[in-house]
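J.: Below are the structure tokens for one structure; questions will follow.
What follows draws every value from the coordinates through simple rules; no lab data is involved. Here the structure is a predicted model, which means the values were calculated and not measured. All Cβ positions, even for glycine, are placed from backbone atoms using ideal geometry, and neighbour counts span all protein chains on display.
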Amino acid sequence: MEILQKRGALTHFQILGEISKQEPNLKQKDLAERLGITIQAVSENIKTLTELEYITSKDGRAPYKITQKGIAKVKKDAITLRKYSDSVLDTMTYYKSTWPALAKEDLKEGDEVGLYMENGRLYASINAQTSAYADVILDTKKGFDVALTNLKGIIEIKESKILLISLPPIKQGGSRATDMDLVKEIYESKYENFGLSSIDKVAAIGTTSHAVANNLDIPIDIEFGVSEAAQSAVRKGLNVMILAIGDMTKNIAKDLEDANIPHQVIDARKTMRNI
């Protein structure tokens, strides 16, 4: 987009636009006042526009006349600017006033829908009885992302938590020194003992964590950017179990404390009686 990227191009456009009005007494001083630039800058631009054959004048002085080449240049740049401004206006129509959700059923423009979280995703449904509502902007088929506006109320998100399972590093025995029964029980049912209603996502960081999960047939949902991803999941109402090793556990726990994320650290090393 040359008119916005090339230095001086926009000023050329403005000067050509003013000259095209065919004001017989238009002087450089008038151009300077209208464009908010110096008379010297106007003079330099007039010289350049003359050399480019976009305008004609007598010794660089008024009266100025725009040429056919200049008219074509103004039209081209005006169309470019209009397309760009239209795209910006389209974006602004949605900016900070539009939210996406998954359509639970076919939705029509203008429908008022209830909003709710399910499995960490925001859903919209005309049948949902919730405390948060919004209006549908465009017709949307079931399962597709629907654009919403006029959000009212508060989207309910269940309280959730992270269970941070600390495993021994390989120098301390790794998976062989891990209380596998404890990890399995926490995953399958004992999460209730820690105030959780379910384990929605499992994260694993480090080789030993993967070995433990694989041997217990525990599917891993998160293995990269574990701390950030787990925090995001909790904020969306999901409970997360993280398998981590040694110092990694301490680092993640600090991240969670700094982010004020509810969590509990569980030592999954075998006790002497278990070895």
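J.: Determine by what factor the alpha-carbon radius of gyration of the stretch 2-94 differs from 2.2 N^0.38 Å, reporting the quotient.
T.: 1.16
J.: Take E2 and K83, extend 7 Å from each Cα along the Cα→Cβ direction, and tell me the distance between the two endpoints in nm.
T.: 1.4 nm
J.: Evaluated at 10 °C with a viscosity of 1.306 mPa s, what Stokes-Einstein diffusion coefficient in µm²/s does the stretch 162-267 have when Rh comes from the Kirkwood expression over alpha-carbon pairs?
T.: 118 µm²/s
J.: While we're here: Given a Förster distance of 22 angstrom, what is the FRET efficiency for T207 paired with R235, based on the Cβ-Cβ distance and rounded to 0.05?
T.: Once rounded, the FRET efficiency stands at 0.15.
J.: Another one. Which is farthest toward the positive dipole end of the chain among G173, I137, L163, measuring Cα position about the Cα centre, with Cβ charges +1 (Lys, Arg) and -1 (Asp, Glu)?
T.: Looking along the dipole axis, the top candidate is I137.
J.: Between A259 and Q172, how high is the FRET efficiency from 1/(1 + (r/R0)^6) when r is the Cβ-Cβ distance and R₀ = 25 Å? Nearest 0.05.
T.: The calculated FRET efficiency here is 0.30.
J.: What is the magnitude of the charge dipole of the stretch 160-203 about its Cα centre, with +1 placed on the Cβ of each Lys and Arg, -1 on the Cβ of each Asp and Glu, and no other charges, expressed in debye to the nearest 20?
T.: 220 debye
J.: Ok, one more. If I model a spin label at K158 and L10 as a point 7 Å from the Cα along the Cα→Cβ vector, what separation in nanometres do I get?
T.: 5.2 nm
J.: A further question follows. Once R0 is set to 22 Å, what does the formula 1/(1 + (r/R0)^6) return for the Cβ-Cβ distance between S189 and N215, expressed as a FRET efficiency to the nearest 0.05? Kindly include the intermediate steps, with their values, before the conclusion.
T.: Details: r = 19 Å, r/R0 = 0.85.
Efficiency computed from Cβ-Cβ geometry: 0.75.
J.: Ratio of the chain's C-alpha Rg to 2.2 N^0.38 Å, to two decimals? If you can, show how the numbers build up before the last one.
T.: Working: Rg = 32.5 Å, N = 275, 2.2 N^0.38 = 18.6 Å.
Dividing the Cα radius of gyration by 2.2 N^0.38 Å gives 1.75.
J.: How many nm separate the modelled label positions at R61 and E223, each set 7 Å beyond the Cα in the direction of the Cβ?
T.: Distance between the two pseudo-spin positions: 8.1 nm.
J.: Let me have the 222 nm mean residue ellipticity of the chain computed from DSSP H runs of 4+ only, each contributing -39500 (n - 2.57), with the sum over all residues rounded to the nearest 500.
T.: Rounded to the nearest 500, it is -11500 deg cm²/dmol.
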